[in-house]
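The values are calculated or read from the model by the stated rules, or taken from the named source; none is laboratory data. Given the structure is predicted, the values throughout are model-derived calculations rather than measurements. Cβ sites come from the backbone with ideal geometry, for glycine too, and all protein chains shown count toward neighbours.
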Amino acid sequence: MNILIIEDEIKLATLLADYLRQADYQVAMVHDGNEALEAFQQQQPDLVLLDLMLPGKDGLTICREIRQQSDVPVVMVTAKVEEIDRLLGLELGADDYICKPFSPREVVARVKAILRRVQRLQQPEAAESVTELQLVNDKLQASLCGQPLDLTAIEFQLLQTLSQEPGRVFSRDQLMDHIYRDHRVVSDRTVDSHVKKLRKKMSEAAPQQEWIYSVYGVGYKYEGS
């Protein structure tokens with residue numbers, strides 16, 4: 001990331017630049033207020049370290065001009081500690097304020113913190129993932145993560161039973177009672193076979209997670225959103 005230092009004290013600017021470069025930032029410097037805006041437009045920095053007292057234009061004027069065209073973070077660096085100067089700088093859109101004398105390490109830490117915050121704010125909100133299981137009872141239709149599930153009537157009943165109470169462990173006998181309403185006699189292996197086929201279809205639609213879990217010696221449970 002690119003940092004622009006606008007500071008008339010060349011030794012101080014160079015010291016800050018050295019520390020920032022050690023932190024893997026690219027750095028450009030300008031030492032005259034009259035050259036600051038042009039340098040800003042040319043460099044397109046990710047953050048500006050801006051001295052308040054500069055030859056030519058002062059830092060408050062430069063901050064105001066930057067804010068007219070960009071929301072890039074601006075950190076005011078100054079020896080002036082009066083409250084009115086601090087408040088005025090922040091009202092003009094400065095993101096932080098560091099008073100001289102300071103530790104270059106502190107400046108680097110402030111820069112990192114501000115850039116992390118800006119990056120979080122600039123990250124687009126993740127699109128709401130479609131992970132909901134949707135069941136249409138009267139049509140025996142199901143979809144997972146937006147993908148249709150081609151289920152048999154038995155598989156649909158099985159999935160509906162498990163998903164109605166996520167996290168609940170159903171025994172095989174309980175599942176039989178729900179999916180075979182005529183109370184026919186079937187073996188545990190038949191239930192296991194239906195679960196296996198259902199798992200395969202759900203995995204094909206949404207392979208990013210497991211949906212139906214085996215609970216050893218008991219039965220099965222559904223885990224999902």
remark   = For segment 159-174, pairs from a residue that is assigned by TED's automatic domain parsing to the domain that holds Ala142 to a residue that is part of a helix (DSSP H, G or I) and at pLDDT below 85, with Cβ under 7 Å and 6 or more apart or across chains, are Thr161/His178; Thr161/Ile179; Arg172/Asp188
query = Taking segment 20-73 only, how many residues are over 28 Å from the mean Cα position of the chain (by Cα) and either within 22 Å of Lys100 (Cα to Cα) or among the hydroxyl-bearing types (Ser, Thr, Tyr) (or both)?
reply = 22
message = Which pairs turn up if I take residues in segment 191-214 that are hydroxyl-bearing (Ser, Thr, Tyr) and look for partners that are buried (at least 20 other Cβ atoms within 10 Å of the Cβ) with beta carbon separation below 7 Å, at least 6 apart in sequence or on another chain?
response = Tyr213/Tyr220; Ser214/Tyr220
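A quick yes/no check of all residues on (1) outside the structural domain of Ile114 (by TED's automatic domain parsing); (2) part of a helix (DSSP H, G or I); (3) in contact with a strand residue (DSSP E or B) (Cβ under 6 Å, 6 or more places away or on another chain):
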| residue | (1), (2), (3) |
| --- | --- |
| Ala13 | no, yes, yes |
| Asp24 | no, no, no |
| Glu38 | no, yes, no |
| Pro45 | no, no, yes |
| Cys63 | no, yes, yes |
| Val75 | no, no, yes |
Search result, residues across segment 172-202 that are modelled with pLDDT of 90 or more and among the small types (Gly, Ala, Ser) = Ser193
request  = Please enumerate the residues belonging to segment 139-164 that are in a loop (DSSP other than H, G, I, E, B), surrounded by fewer than 18 Cβ atoms within 10 Å (Cβ to Cβ) and of a type outside the set (Gly, Ala, Ser).
outcome  = Leu140, Asp150, Thr152, Gln164
message = For segment 204-225: of the residues being under 13 Å from Cys145 (Cβ atoms), at pLDDT 85 or above and of a type outside the set (Gly, Ala, Ser), which is surrounded by the most Cβ atoms within 10 Å (Cβ to Cβ)?
response = Trp211
ask   = Is at least one residue of segment 122-131 closer than 20 Å to Tyr220 by Cβ, at pLDDT 75 or above and part of a loop (DSSP other than H, G, I, E, B)?
value = no
ask   = Looking only at residues in segment 79-107 that are at pLDDT below 85 and surrounded by 20 or more Cβ atoms within 10 Å (Cβ to Cβ), which one is nearest to the chain's Cα centre (by Cα)?
value = Ala94
